[in-house]
Amino acid sequence: MLAANCKTLQIFWLLLAILAGAFIYNLEDQVTIYKENGLLENLQAGILLLTCFYMVVVGKNLQGSSRYAAWMFAWVCLAFFFREFDVRKTDWPESAHMFFGKPGQYIWFLPLLYILVQIFRNIRFYLRNILLYLLSPMMLYIILGGVLISMAAIFDKQIIPTETKFWEEYLEIAAYAYLFLAALLAPTSFRNIEAQSK
């Protein structure tokens, strides 16, 4: 049942991404869509922040070692959020600039330190059950997201020269959407891992 739902979600999301991309690509004013802190980047930041908060809640509701894997997922999304959203280019209050920009960003390394300590304390569990993680339903979407982020980096670094940033931003929003789908499947995936690891 879960596998069927995963397949349906994957097909639906792929079709939605293709249709949205075709629509945006054919707009006359593309630049407004993909410019720095434009619509696509703001959507990316929103998806990443939503995924981050959701994964924090998922981790809080888990009892076993997978709690820290969930929180690591959340932190990675937070790191991507800071990469995509440049608070310096907003008219937010100075306090927000300090908190979400430099040097405030470094505060967010404190939760990472805690998560890494907990992961290393439970490293035997993760190594013993690595196949359960790799074969879990959420992992497919994480891998797809990673592939799309890598493809976006190719356009960003101009390895494939392009005149606009459309393809970079489009691939990134598709990647983060897949990470969000992975997050939706995470509670079931983590509980299955905990159950099968006993």
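The values are calculated or read from the model by the stated rules, or taken from the named source; none is laboratory data. Please read these numbers as outputs of a predicted model, since none were measured by experiment. In this analysis, Cβ positions are derived from the backbone assuming ideal geometry, glycine residues included, and neighbour counts consider all displayed protein chains. Ligands, DNA and RNA are stripped out before the accessible areas are found, and what is left, the full protein with its side chains, is counted by its heavy atoms. Shrake-Rupley method; radii C 1.70, N 1.55, O 1.52, S 1.80 Å.
The table for this structure:
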| quantity | calculated |
| --- | --- |
| Complete set of residues in segment 68-120 that are among the small types (Gly, Ala, Ser), within 21 Å of the chain's Cα centre (by Cα) and at pLDDT below 75 | Gly101 |
| Test: residue in segment 121-129 that is within 30 Å of Ser65 (Cβ to Cβ), free of Cβ contacts under 8 Å to residues at least 12 places away in the same chain, open to solvent by 20 Å² or more (accessible area, probe 1.4 Å) and within 19 Å of the chain's Cα centre (by Cα) | no |
| Pairs, first within 14 Å of Ala177 (Cβ to Cβ) and small (Gly, Ala, Ser) in segment 134-159, second modelled with pLDDT of 85 or more and open to solvent by 30 Å² or more (accessible area, probe 1.4 Å), C-beta under 9 Å, six or more apart | Gly145/Phe180 |
| Qualifying residue in segment 170-185 (condition: over 20 Å from Ala74 (Cα atoms), in contact (Cβ under 8 Å) with a residue 60 or more places away in the chain and in contact with a helix residue (DSSP H, G or I) (Cβ under 9 Å, 6 or more places away or on another chain)) | yes |
| Any hit, segment 189-197, residues being open to solvent by 40 Å² or more (accessible area, probe 1.4 Å) and of a type in the set (S, T, N, Q) | yes |
| Residue among Tyr170, Tyr178, Tyr141 that is open to solvent by 30 Å² or more (accessible area, probe 1.4 Å) and out of contact with any Pro (no Cβ under 6 Å at 6 or more places or on another chain) | Tyr170 |
